[in-house]
Amino acid sequence: MTSPALTPIFLTMREAVEASGLSEDTLRYYEKLGLVMPERDRSSNHRRYSEQQMRWLKFLIHLRSTGMPLEKIQRYVQLALQGEESAPQRKAILEEHHQQIQEQIQKLQQSSAAIELKLQHYDDIERALRKGDVQEVVGRELD
């Protein structure tokens, strides 16, 4: 017995908005930029997003959430549309961006460490105040 062919699942604009977390305006803007290309329902001309298009959109959202500029994402998409022969250029874009993300993470970790030191400083001040040791607190605010 053969199983019937699976019917592809397509999401409406509203469903794609809910699934992606983007606003409808943003999704339309991404379409205008050529970042996503939903299919059109022949009878109603409404946008329809396939599972593959939704995976692609989620990847683009990841790129955007890491600060990749839309212009660079557009370049990446243009290359992707060229097929596998553009894989080295797409890889180079992602490697460069990944390096930038790693540098940002390092800077954030350094900033976090500085904030943690300041929080420890305030914990010390609070302990001194609870003990009534006002002398220990005087002049420490600028430390």
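Throughout, read-outs are computed from the coordinates displayed, never taken from laboratory work. Keep in mind it's a predicted model, so treat the numbers as computed, not measured. Every residue, glycine as well, gets a Cβ built from its backbone with ideal geometry; the counts of neighbours run over all protein chains shown.
For the chain, the dipole from Cβ point charges (+1 on Lys and Arg, -1 on Asp and Glu) about the Cα centre works out to 600 debye, to the nearest 20. Entry note: segment 37-99 has Rg to Rh equal to 1.05, where both radii use alpha-carbon atoms and Rh is the Kirkwood radius.
Looking at the chain, do any whole DSSP H helices span at least 20 angstrom along their long axis by alpha carbon and average -1.0 or above on Kyte-Doolittle, and which? Numbers along the way, then the final one.
On the way: long enough: 51-65 (21 Å, -0.51); 87-131 (65 Å, -1.08).
For the chain, where a helix must reach 20 Å along its axis and average at least -1.0, the hits are 51-65.
For Lys107, the lysines whose Cα falls under 26 Å of its own Cα, not counting residues fewer than eight places away in the same chain, are Lys72, Lys91, Lys118. Farthest towards the positive end of the charge dipole of the chain, among the residues Ser111, Pro69, Gln99, is the Cα of Pro69, using unit charges on the Cβ of Lys, Arg, Asp and Glu. Please grab the % of Cα pairs in the chain that end up more than 27 Å from each other. Percentage above 27 Å: 51. Potential lengthening of the chain between Phe59 and Glu84 amounts to 7.2 nm, from the contour at 0.36 nm per residue minus the alpha-carbon distance. What length, rounded to one decimal in nm, is gained on full extension from Glu51 through to Gln104, with 0.36 nm per residue of separation minus their alpha-carbon distance? Stretched out fully, the Glu51 to Gln104 stretch lengthens by 15.9 nm.
Explain nothing, just the number: relative contact order of the chain, from Cα pairs under 8 Å at least 6 residues apart, as a whole percent.
Across the chain, relative contact order equals 15 percent.
Backbone amide hydrogens, once placed in the peptide plane, bring Ser50 within less than 5 Å of Leu11, Glu39, excluding anything fewer than 5 places away on its chain.
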